[in-house]
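All remarks here apply to the structure that follows.
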Amino acid sequence: MSKKKEDSGTEDINFEAAMAELEELVAQMEDGDLTLDDSLKAFERGVMLTRQCQQALNRAELRVQTLTEANTLEDLTQEGS
């Protein structure tokens with residue numbers, strides 16, 4: 001489910017949905033059946049989705065850093081060494 005944001009003109013879409021749409025856009029563009037205008041629209045949409053995905057990944061990284069001490073993850077493979 002996506003909702004339009006009136007102030008920025010972008011959609012509120014979750015990471016998984018954005019990635020799925022990106023994969024679909026890439027497949028359509030790789031097929032080579034799109035007109036130039038449709039290819040440009042697909043590219044523009046892809047750029048917007050890529051930015052949203054990057055922002056989501058950045059937010060997730062910040063949350064992980066916040067939840068770990070000193071912004072580092074412990075190496076769990078050294079148990080019992």
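The values are calculated or read from the model by the stated rules, or taken from the named source; none is laboratory data. The structure presented is a predicted model; accordingly, all values stated were derived computationally and were not measured. Note that we place each Cβ from the backbone using ideal geometry, even for glycine, and neighbour counts take in every protein chain shown.
Please go through the range 25-43 and give me each residue that is of a type outside the set (K, R) and either surrounded by 11 or more Cβ atoms within 10 Å (Cβ to Cβ) or under 16 Å from F15 (Cβ atoms) (or both), ordered by number.
Matches in the range 25-43: L25, V26, Q28, M29, L34, D38, S39, L40, A42, F43.
Quick check on the range 58-72. Is at least one of its residues surrounded by 11 or more Cβ atoms within 10 Å (Cβ to Cβ), of a type in the set (G, A, S), at pLDDT below 95 and in a helix (DSSP H, G or I)?
So far as the range 58-72 goes, yes, one or more of its residues are surrounded by 11 or more Cβ atoms within 10 Å (Cβ to Cβ), of a type in the set (G, A, S), at pLDDT below 95 and in a helix (DSSP H, G or I).
How do the pairs read when you match residues in the range 15-33 that are on the phi > 0 side of the Ramachandran plot with residues anywhere that are among the basic types (K, R), using Cβ under 8 Å and keeping only pairs 6 or more apart or on different chains?
none
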